[in-house]
Structures are given as structure tokens and as C-alpha cells.
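Engineer: The structure follows.
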């Protein structure tokens, strides 16, 4: 009985098909890795955005009484390049802020994204500072709304000249231009407080 061997063409065809299949599999694995990296980066950005929104909401809701501090309660700063920054005071509501002392919170755009810097007023310890950055954020819009008075209409403002008073609402829009999420709107004073 005579055994038939593979011909050279059959061996070359098998090697070529194997190389094509391995190339396709390698490309699929590379694309899967790139997709995983993109999804993880997006997930990290969403989580950071969510934490920042929760922290800002908590801190904005607890602006101290003007009589208890010697600084403006809230300021909207405009830089020469047109960027805005929000600086406000807060009593904080949970760790690491606590409720024993006031914090100065600055929200502004930086080179790498949206930055929040919170410093305990009158305390020089390193553990009384909180800094966080949401990467990739390239826009920040700040608007405030005065408390409505009977018979008067109110409108959103991009400045706040009443440094010893708190506005009724603060509206913040931040994100990347094509994917800007819905604005964060926070009431600074309880609706039933007078």
C-alpha cells in the first residue's frame, strides 16, 4: 500500500490559510482590547462625573449663613480667556468635609479637565484639602438665579454681584462639547426658609 504525501501546493495553501485565520484572530483580539480600554475610560469618566455631581450638590446645598463667615458666600469669576470659575463656601455634610467648619470650594476648568478644589477655611492641615479632576471636560457654564420676589420676574445670570447673599439656584453645565450631559441644578436655600 502506498501512502500519498501532501503536495507542495497543499502545504503552501494550508500555511496561507492558517496565516490568514491567525491575522483575522489577532486583529479581532486587538480591536477587543482597544474597545475594552475605551469602555473602561468612559466608565471611569462617568463615575468621576457622578461623584463630582453628588459632592457639588451636597456642598452647594449647605452654604453657611453670611453672619458666620468673613468671606463672600458665592462668586462667579471670569478669566481673561472667557472661562468661568465658581467659588463658594460650604459647611459640608459628610466625610471628609464634616459639619464643624466652613470650606472654600473652587470649581474651574484646567488643562486636563474640570477641577474641584475644596479647602477647609482656617485649617492648614494637608488632610483638610480635597482636589479632584474629571478628565476630558472642556466646557463649564455657570448660571445663578436670584430668589423670586413677589411681582418681579427672575432670569438666569452669569454673574453674582451679591457676595453676602445666596442665590436661589445654581445651574452648572460641564462636559465635552458633543456629549455635554444634562445640567446640574442645585437649590441653595431650602424652599420653606425665610
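Engineer: When the chain is treated as a GNM, springs tying every alpha-carbon pair under 10 Å, which of 112, 50, 153 comes out with the largest mean-square fluctuation?
Structural biologist: Ranking 112, 50, 153 by mean-square fluctuation puts 153 first.
Engineer: Can you give the three extents of the C-alpha atoms in the chain along their principal axes, from longest to shortest, in whole Å?
Structural biologist: Extents along the principal axes: 107, 43, 36 Å.
Engineer: Quick one: Cα centre-to-centre distance for the stretch 1-69 and the stretch 135-162, in angstrom?
Structural biologist: One Cα centre to the other: 40 Å.
Engineer: What does the helix-only formula give at 222 nm for the chain: each DSSP H stretch with n ≥ 4 adding -39500 (n - 2.57), the total divided by the residues, and the result rounded to the nearest 500 deg cm²/dmol?
Structural biologist: -10500 deg cm²/dmol
Engineer: Given a Förster distance of 41 angstrom, what is the FRET efficiency for residue 13 paired with residue 37, based on the Cβ-Cβ distance and rounded to 0.05?
Structural biologist: 0.65
Engineer: Can you list the equivalent-ellipsoid semi-axes of the stretch 40-89, largest first and in whole Å, using the square root of 5 times each Cα gyration tensor eigenvalue?
Structural biologist: 27, 18, 5
Engineer: Moving to a separate point now. Does anyone have the angle between helix 8-60 and the longest principal axis of the chain? Alpha-carbon axes, 0 to 90°, nearest 10?
Structural biologist: Once rounded, the angle reads 10 degrees.
Engineer: Taking the Cβ of each residue in 59, 115 as the centre, tally the other Cβ atoms inside 10 Å and list the residues starting with the fewest. It would help to have the intermediate numbers written out before the result.
Structural biologist: Numbers: 59 24, 115 19.
If I rank by nearby Cβ atoms, fewest first, I get 115, 59.
Engineer: Shifting gears a bit: In a GNM of the chain with a 10 Å cut-off on Cα contacts, which of 91, 81, 65 has the highest mean-square fluctuation?
Structural biologist: 81
Engineer: Give the calculated FRET efficiency between residue 147 and residue 46 to the nearest 0.05, with a Förster radius of 25 Å applied to their Cβ-Cβ distance.
Structural biologist: 0.15
Any read-out appearing in this document is the output of simple, stated calculations on the displayed coordinates, not a laboratory observation. Fair warning: this is a prediction, and the values are worked out from it, not measured in the lab. For neighbour counting, all protein chains shown are included, and Cβ atoms are generated from backbone atoms with ideal geometry for every residue, glycine included.
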